[in-house]
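The next block holds one structure in the form of structure tokens; read it before the comments.
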Amino acid sequence: MRFRRMATINDPTMAPAFSLLPELETVVRHGSGERRSEALRQITALFLRGADRFKDEHIRLFDDVFVLLINEIESQARAELSRQLAPVENSPIQVIRKLAKDEDIMVAGPVLAQSPRLVTADLVAIASAMSAEHLYAISSRAEIAEPVTDILVRRGDFAVKRKLAGNAGAKISESGFSALIRSA
């Protein structure tokens, strides 16, 4: 797979990333799991060092790289990536969505609980389809919109409902509130 070159090569903020691209393609195609995980650590560190300065085209380039790598690495490395990217305001959106939908809650949990990049539609889709552990992670977000809380109330177990009821940032509809009271 060839990476999209969205940023200009003479962009000094992206020079380290471009220097890694040929090596990265080789690692993804032929490298061991350990080499892929190391490449992911290097790319993550590079992203985190410059995240506050990157433009949208830079973020999209990182998104391509992260998505490619997470398809080829073990759960523990994906979980570490999730913990590191979750609180970042401009984390690459496709990788955030992919991490949020991971069946392993150690991977999905940090992103579901913290990522500002997940919008209501993302959370509704995930809350509608994923496990109780995923619902619990969503119920601990700082802010939760009514369409999401309605699903959490409908699908969630006692722990999810309790967490949601104690979350001051959760907007609960009248019907959701009634359902919470009935299940209490």
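The values are calculated or read from the model by the stated rules, or taken from the named source; none is laboratory data. Worth saying up front: this structure is predicted, and the values here are computed from it rather than measured. Cβ placement follows ideal geometry from the backbone for every residue including glycine, while neighbour counts extend to all protein chains displayed. These area figures cover heavy atoms from the full protein model, side chains too; ligands, DNA and RNA do not enter into them. Shrake-Rupley method; radii C 1.70, N 1.55, O 1.52, S 1.80 Å.
Size descriptors for the stretch 36-153, from the alpha-carbon set: Rg then Dmax equal 13.8, 41 Å. Taking a straight line from the alpha carbon of K171, these lysines sit under 28 Å away, with near neighbours fewer than eight places off in the same chain left out: K98, K101, K161, K163. Remark: spin-label model distance R53-S32 equals 3.5 nm, labels positioned 7 Å along the Cα→Cβ axis.
A crude spin-label estimate for the pair T120 and R41, with each label 7 Å from Cα along the Cβ direction, gives 4.2 nm.
Amide H to amide H, with H built 1.01 Å from N, I144 comes under 5 Å of A170, K171, counting only residues 5 or more places away or on other chains. Shape descriptor for the stretch 106-184: Rg over Rh equals 0.92 (Cα atoms; Rh from the Kirkwood inverse mean 1/r).
Extension gain for E72-R154 works out to 26.0 nm (0.36 nm per residue, less the C-alpha to C-alpha distance). The residues packed around I172, meaning those with a beta-carbon under 14 Å from its beta-carbon, carry a net charge of +3 if Lys and Arg are +1 and Asp and Glu are -1. Accessible area per residue (1.4 Å probe, heavy atoms of protein chains only) ranks D150, D52 as D52, D150, with the largest value leading.
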